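Peer 1: Attaching a single structure in C-alpha cells format; questions to follow.
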Amino acid sequence: MRALVRDEAKGREFLVGDFDDPASIVAALAGVDRLFLNGAGAQPADGEQPMVRQQKSIIDAAVAAGVERVVKVSVWQAREGERLAGGAHWQIEQHLKASGLGWSILQPNGFMQNFITGQGSFTADGNLVGAYGDAAVSYIDCADIAACAAALLTGRAGDGETFLLSGPEALTYAQIAEKLSVALGRTVRYVNLTVDELIAALTAQGLPPQFAEDVAVLTQGLAGGIAAPTTTAVRDLTGHSPRTFDEFLAAHHGALTALASASRR
C-alpha cells in the first residue's frame, strides 16, 4: 500500500506529490494496480472547482500508469450543474467512467464529523443552527465510508457500480438537537433560519458570499427529502451496520464538548 501526501511531515510510508504536477502523480502510480481517489472541493476563484482539473489529471495518469481500478469518493447523488462540490464530482465521475479503467464510486451522505469540525453548526449561545426546517438527513460516519472503500480496494466486488452510502437513520435537526442535549448534558435547541438569515450568518463567519449562498440554497433543497433515504450499502460492502448518531456522539464526546464550549465563549 502506498500513500500520496502533499506534506512530507504528515506521512510515513509515502510518496510526495502534487495534484497540479501530473508528472509527480505518474511517478507515484508506478506499479500501482488500485487507486483510492478522494479530495475535497474548494471555493473556485474563476467559477471552476480546482478539484475537477486535478482529479481528471489523476485519472489520466492512472490510465498511463496501467492502474486497473479506481475507487472514488464522490457526494450523495452528484448531479450535473449542482452547486458546491456536487456538480464538480459529477464531472469527474463521467471522466472516470469514460476512461476505460475499472471503477467504483462511493456517494456518501453528509458526514457526522461535520458536527465536530467547526463552530458553524452552533450559535453563540451553544444552540444548533441551520435552515433545514423539518428535513431529515441520513448522516454517515466517515469511518464507515473508509471501511467501504477498503472493502472495494481489497476485493473483487463492486466494479462498475455506484454506491449510495448512508447512516442507519434519517434525523431532523430537531432530533439531532435532542441527541446533542443528551450527549452534552444540557439543553440544545435547534434554531431554524431563513435562507437569507443563513447566508448572513455564514458570511459573518468569513465565508465568501457565493459560497454562503450555495450552502444556503442547497440546505433549502433538502426540504424535498433528497437526503433522507437510508441504504444498505455499508452493510452490503462491509458486513456490519453503519454507526448510529448516538454511537458517534459517544465516541467523540470530548471533541464535541470542546467545540460546543468554544461556541459559547
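Peer 1: Looking only at the stretch 107-147, count how many residues are within 14 Å of the chain's Cα centre (by Cα) and at pLDDT 90 or above.
Peer 2: Residues meeting the conditions: 17.
Peer 1: Here is a further query. Before we move on, is V75 of a type in the set (A, V, I, L, M), under 19 Å from A27 (Cβ atoms) and in a loop (DSSP other than H, G, I, E, B)? Don't jump to the end; show me each part of the working.
Peer 2: Numbers: of a type in the set (A, V, I, L, M): yes; under 19 Å from A27 (Cβ atoms): no; in a loop (DSSP other than H, G, I, E, B): yes.
So V75 does not fit the description; no.
Peer 1: Further question: Of all residues in the stretch 212-257 being of a type in the set (D, E, K, R) and at pLDDT 95 or above, which is surrounded by the most Cβ atoms within 10 Å (Cβ to Cβ)? Quick ask: steps written out before the conclusion?
Peer 2: Initially, the stretch 212-257 is screened for residues of a type in the set (D, E, K, R), giving 213-214, 235-236, 243, 246-247.
Still in the running and at pLDDT 95 or above: 235-236, 243, 246-247.
Numbers: R235: 14, D236: 13, R243: 21, D246: 12, E247: 15.
The selected residue is R243.
Peer 1: Failed condition for Q55, given (1) under 28 Å from G160 (Cβ atoms); (2) of a type in the set (S, T, N, Q); (3) part of a loop (DSSP other than H, G, I, E, B), with all others met?
Peer 2: (3) is the only condition that Q55 fails.
Peer 1: Restricted to the stretch 92-116, and to residues that are in contact (Cβ under 8 Å) with a residue 12 or more places away in the chain and in a loop (DSSP other than H, G, I, E, B), which residue is nearest to F36 (Cα to Cα)? Explain how you work it out, then say what you get.
Peer 2: Residues of the stretch 92-116 in contact (Cβ under 8 Å) with a residue 12 or more places away in the chain: 92-93, 95-96, 99-116.
Remaining after also requiring in a loop (DSSP other than H, G, I, E, B): 99-101, 109-110, 116.
Values: S99: 15, G100: 16, L101: 13, N109: 18, G110: 20, I116: 25 Å.
The qualifying residue nearest to F36 (Cα to Cα) is L101.
The values are calculated or read from the model by the stated rules, or taken from the named source; none is laboratory data. Please read all numbers here as calculations on a predicted model, not as lab measurements. Don't worry about glycine lacking a Cβ; one is built from the backbone with ideal geometry, like all the others, and counts go over all protein chains shown.
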